[in-house]
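Here's the structure we're looking at; comments come further down.
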Amino acid sequence: MQKYATQELLVYCKKENISVLAYSPLLGGYYNRSGELPSAYSGDESEANLKELIEIARELGVTPNQVVLAWLRESSFPSIPIIAASTSNQLDENLNALQVELTRDNLNRLSTLGQVR
């Protein structure tokens, strides 16, 4: 149920041009680690979405974190990601996401994962 409420909220924000504050969009660095998804995000659909995210990152030669940040920057709804870095390498990775150019195909694939259009 929460997923659908979130979807409706994002559609509304897009329609009204309201920015979304994306708190911890990198799931505390999870996308760059292997292992199980945090329980709040686990499930068959989440696992399939994660595989697709990793595949897109591999195709672009960047990290999954960079793809997530690039997608938020280029998404159809205004968003402000709140991110943090524990090391200078993480900071560099996050800042280098500004250089990632997603293709129309990448954007379509990513938007389909979250069902936000």
Worksheet item: Here are some conditions: (1) among the aliphatic types (A, V, I, L, M); (2) in a helix (DSSP H, G or I); (3) surrounded by 15 or more Cβ atoms within 10 Å (Cβ to Cβ). LEU95 meets all but one. Which one does it not meet?
Response: (3)
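Quick grid of which residues meet (1) closer than 19 Å to TYR30 by Cα; (2) part of a loop (DSSP other than H, G, I, E, B):
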{"residue": "ARG73", "(1), (2)": "no, no"}
{"residue": "PRO81", "(1), (2)": "yes, no"}
{"residue": "ASN89", "(1), (2)": "yes, no"}
{"residue": "LEU102", "(1), (2)": "no, yes"}
{"residue": "LEU107", "(1), (2)": "no, no"}
Worksheet item: Can we say VAL62 is over 25 Å from TYR12 (Cβ atoms) and either at pLDDT 95 or above or assigned to a helix (DSSP H, G or I) (or both)?
Response: yes
Item to complete: Output yes when any residue across region 9-30 is touching a Leu at 6+ places or on another chain (Cβ under 8 Å), charged (D, E, K, R) and at pLDDT below 90, and no when none is.
Response: no
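The values are calculated or read from the model by the stated rules, or taken from the named source; none is laboratory data. Keep in mind that this is a model prediction, so the values were computed, not measured. Every residue, glycine as well, gets a Cβ built from its backbone with ideal geometry; the counts of neighbours run over all protein chains shown.
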